[in-house]
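Novice: One structure follows; several queries about it will come next.
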Amino acid sequence: MFTGLIREIATVKSFDGTKLCIAARHRPKLGDSIAINGACLSVVELREDGFCVELGRESKNVVALENYKGRVHIEPAMRLSDRIEGHILQGHIDCVGTITRIVPSRESTDFYIQIPKEFIKFVIPKGSIAVDGVSLTVNEVFEESFRLTIIPITLKETLFGSYRVGRRVNIETDMFARYLYYMFKKERSLDWETIERIQALF
C-alpha cells in the first residue's frame, strides 16, 4: 500500500524495457515494493547509488513507459505504523491518461486529463485520484476527462511543474470507488441492511 505522497524525485540510470535502474537516496532491501510514477514494482537489485526494479508484462501493458527516463516519482510502500497523510493506493495502474489542458492562475494551476471512457465511472468529484503516483483531489468530472487544481507546493515538490499538454500519465482511480462499483454491479438488488453494512466500512 502507498499514500500518494512522493518521498523523492529520483533519476533513471537505465531502462532496457524490463529492468529499470534508479539513482536515489532511498535505500531499500531486496524484494521491497516501491511505487515509481505510481506503479508498484519490486526491487530486484541493489546498487551503490540506488536500486533496480523489474516491470512485468502486465505493468508494461498499462503504464506510460516513455516516462521511465530522466526524473521519476518514487514512494516506498507504507508500514502499518505509518501515518496516512494522502490516501490509500495500491500502486496498481488502471490506465494511462493524457494532459489536454493546463490553465495557470495566480493561486493554482488547473490540469485537465483525458482517460479512457470506461474508467471515468471510477472518478468522483471531490474524490481522490493518483496521477503518476501523486495523491490528488478531483475537482470536476466530464464525460471522458477530469479537472485537477494543483497548488504551488505540489508543483514545486513533484514533477507536475514540468508537465506539458500531450504528456501521458499513469492513473490509479480511487480504490473504494472501484470496490463499490463492482459490489453494486454484482448485487443487482441490495436491501437497506446490506447498504448500511457497506457504509459502515467507510
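The values are calculated or read from the model by the stated rules, or taken from the named source; none is laboratory data. This structure is a prediction, so every number in the text was calculated from the model and none was measured. Glycine gets a Cβ as well: all are built from the backbone with ideal geometry, and neighbour counts include every protein chain shown.
Novice: If a residue has to be among the acidic types (D, E) and within 17 Å of E75 (Cα to Cα) to count, how many in region 129-155 make the cut?
Specialist: Within region 129-155, residues that are among the acidic types (D, E) and within 17 Å of E75 (Cα to Cα) number 1.
Novice: Additional query: Exactly one of these conditions fails for R167: (1) touching a residue at least 60 places away in the same chain (Cβ under 8 Å); (2) closer than 17 Å to H87 by Cα. Give me its number.
Specialist: (2)
Novice: May I ask you to verify whether G70 is more than 15 Å from the chain's Cα centre (by Cα) and within 30 Å of C21 (Cα to Cα)?
Specialist: Numbers: more than 15 Å from the chain's Cα centre (by Cα): yes; within 30 Å of C21 (Cα to Cα): yes.
Judged against the criteria, G70 is a match.
Novice: Taking T173 and the conditions (1) among the β-branched types (V, I, T); (2) over 17 Å from A64 (Cβ atoms); (3) touching a helix residue (DSSP H, G or I) at 6+ places or on another chain (Cβ under 8 Å), which numbered condition does it fall short on, given that it satisfies the others?
Specialist: In the conditions (1) among the β-branched types (V, I, T); (2) over 17 Å from A64 (Cβ atoms); (3) touching a helix residue (DSSP H, G or I) at 6+ places or on another chain (Cβ under 8 Å), T173 misses (2) alone.
Novice: Looking only at region 135-161, count how many residues are in a helix (DSSP H, G or I), of a type outside the set (A, V, I, L, M, F, W, C) and without any contact (Cβ under 8 Å) to a residue 60 or more places away in the chain.
Specialist: Of the residues in region 135-161, the ones in a helix (DSSP H, G or I) are 152-157, 159-161.
Pick out the ones that are also of a type outside the set (A, V, I, L, M, F, W, C) and you get 152, 154, 156-157, 161.
Filter again for without any contact (Cβ under 8 Å) to a residue 60 or more places away in the chain, leaving 152, 154, 156, 161.
Counting residues in region 135-161 that are in a helix (DSSP H, G or I), of a type outside the set (A, V, I, L, M, F, W, C) and without any contact (Cβ under 8 Å) to a residue 60 or more places away in the chain gives 4.
Novice: Restricting attention to region 1-22, and to residues there that are within 20 Å of F160 (Cα to Cα) and not in a loop (DSSP other than H, G, I, E, B), which single residue is nearest to the chain's Cα centre (by Cα)?
Specialist: Step by step, filter region 1-22, then rank; the result is F2.
Novice: Name the residues in region 18-46 that are hydroxyl-bearing (S, T, Y) and farther than 14 Å from K69 by Cα, would you?
Specialist: S33, S42
Novice: Here are some conditions: (1) at pLDDT 95 or above; (2) buried (at least 18 other Cβ atoms within 10 Å of the Cβ). K69 meets all but one. Which one does it not meet?
Specialist: Condition (2) is where K69 drops out.
Novice: Moving on to the next point. Hey, can you tell me all the residues within region 54-79 that are more than 22 Å from R167 (Cβ to Cβ) and outside any helix (DSSP H, G or I)?
Specialist: E54, G56, P76, A77, M78, R79
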